[in-house]
Amino acid sequence: MRVLGIETSCDETAVAIVEAPAGTGPVGRILANVVYSQLTEHRRFGGVVPEIAARAHLERLDGLVIEALAEAGLGLADLDGIAATGGPGLIGGVLVGVMTGKALAFAHDKPFLAINHLEGHALSVRLTEQVDFPYLLLLASGGHCQLLTVRGPGDFARLGTTIDDAAGECFDKTAKLLGLGFPGGPAVEKAAVGGDPQRFALPRPMWRKPGCDFSFSGLKTAVRQTIEKLPPNDPRAVADLCASFQRTVGDVLADRCGNALTLAPSPTLVVAGGVAANVYLRGRLETLAASHGARLVAPPIKLCTDNGAMIAWAGVERLRLGLTDALDFRPRPRWPLDPGAGVGAAVRV
Ligand code: KG4
Ligand code: ZN
């Protein structure tokens, strides 16, 4: 089975084609994976501008579909389905991806699959790693920070979520305040190399509190206040602050994941989403998982940030179960993975 996946929910225009093994198990093969990062379009604004993003998706997407097919050496007739991110995300971009996906599916008489972007991240680990359902997932990206039990495609139980900002957003804000550029996560990680992680004591919201919810707004404020007091032109201080910030985020994520592993024991802890690209944080979670007798599994770094392969793979998982979508599917700016879960509603430790 081969599925083409389209991702346009934020600032990456991405198309991929993946091939799945027979059955319903993990580990597929990536036949093509092309990503156009709209960094230059948004950099001077210090963040993603939705209208610019939507236009850039529109200009690039057709060309990327052609490029992906050429890379895979396939024609549209060789595909078994067309998947596109159907939300949540910046609605202009989602519309571009969904309309393109529907048009390709209609013109070539293929099943269409509208993929929840978060489900794309949540299942992405199974594209490359031997991971079976159910597993515990920390999904940490620019817009989300949540802990979930993943029982299968479309079957999630949320244990906790952020009550304010996402972890990735906190990285982006820190980088912006320090003038490190955009996107912030990789910039902070790079700047932290060689820094002293103990120099700055920053608050750890929710640390050692019951449950699995997160909070990052207090940390964001503390970082801003610390930066205001930093001596000018002091690269040492910047490195120390980035290292201290990263360590603090690591403390919080490990603490929350520890509670989740106690509440919903699982032999596998998966981390996915852009923040999962952070090597230091992966290390922290690896140590934590081991202390609970579990193993940490993460997608390859390249597949942590937004990409088409995770959308194509989620398409595979759904197509195998016959979970296709009609061509009147309406893009969704908001689309929770577990619609029944509220903030703080999770079981308490
Ligand atoms: O999953 P993603 O590509 O897009 C969303 O769905 O939001 O995640 C992007 C987020 C950004 O906030 C970015 O700064 C963060 O992931 N990120 C990182 C790293 N790489 C990307 N955060 C920490 N360390 C990284 N290496
Ligand atoms: Zn994402």
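Rule-based calculations on the coordinates, nothing more; no lab input. Quick caveat: nothing in here was measured; it's all calculated off a predicted structure. Note: ideal-geometry Cβ built from the backbone for every residue, glycine included; neighbour counts use all protein chains shown.
Values for this structure:
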{"quantity": "Least to most buried among W207, W335 (fewest other Cβ within 10 Å first)", "calculated": "W207, W335"}
{"quantity": "Kirkwood Rh, angstrom, segment 51-176 [1 / mean 1/r, Cα pairs]", "calculated": "16.7 Å"}
{"quantity": "At 1.002 mPa s and 20 °C, Stokes D of segment 135-298 from Kirkwood alpha-carbon radius, µm² per second", "calculated": "135 µm²/s"}
{"quantity": "Trypsin sites (Lys or Arg not before Pro) lying in DSSP loop within segment 162-216, provided at most 16 other Cβ fall within 10 Å", "calculated": "R199, R208"}
{"quantity": "Separation between Cα centres of segment 164-216 and segment 25-62, rounded to whole Å", "calculated": "24 Å"}
{"quantity": "Helix 50-72 axis, angle to the chain major axis (alpha carbon atoms, nearest 10°)", "calculated": "60 degrees"}
{"quantity": "Isotropically averaged projected area of segment 232-290, using the convex hull of Cα atoms (one quarter of hull area), nm²", "calculated": "4.6 nm²"}
{"quantity": "Taking only Cα atoms of segment 39-115, radius of gyration then Dmax in Å", "calculated": "13.9, 42"}
{"quantity": "Using θ = phi - 60° and Karplus 6.51 cos²θ - 1.76 cosθ + 1.60, couplings along segment 113-122 (whole Hz; Gly, Pro as x)", "calculated": "10, 8, 9, 6, 3, 5, 5, x, 4, 5"}
{"quantity": "Qualifying chymotrypsin sites (Phe, Trp or Tyr not before Pro) for segment 240-349 [loop in DSSP, other Cβ within 10 Å: at most 13]", "calculated": "none"}
{"quantity": "Most mobile listed residue (I163, I311, I82) in the chain, GNM with C-alpha springs under 10 Å", "calculated": "I163"}
{"quantity": "Largest to smallest principal axis extent of the C-alpha atoms in segment 216-349, angstrom", "calculated": "59, 37, 31"}
{"quantity": "Value at 222 nm in deg cm²/dmol, rounded to 500, when DSSP H runs of n ≥ 4 in the chain each add -39,500 (n - 2.57)", "calculated": "-13000 deg cm²/dmol"}
{"quantity": "Loop-located trypsin sites (Lys or Arg not before Pro) in segment 284-344 whose Cβ has at most 11 other Cβ within 10 Å (DSSP)", "calculated": "R334"}
{"quantity": "Dipole of the chain, positive direction: furthest Cα of P183, S37, L269, with charges on the beta-carbon", "calculated": "L269"}
{"quantity": "Over the chain, equivalent-ellipsoid semi-axes from the Cα gyration tensor in Å", "calculated": "34, 24, 17"}
{"quantity": "Choice from E59, E169, E189 showing the highest fluctuation, given a GNM over the chain with Cα pairs closer than 10 Å", "calculated": "E59"}
{"quantity": "Residue of G92, G322, G195 that the Gaussian network model of the chain assigns the largest fluctuation, springs spanning Cα pairs under 10 Å", "calculated": "G322"}
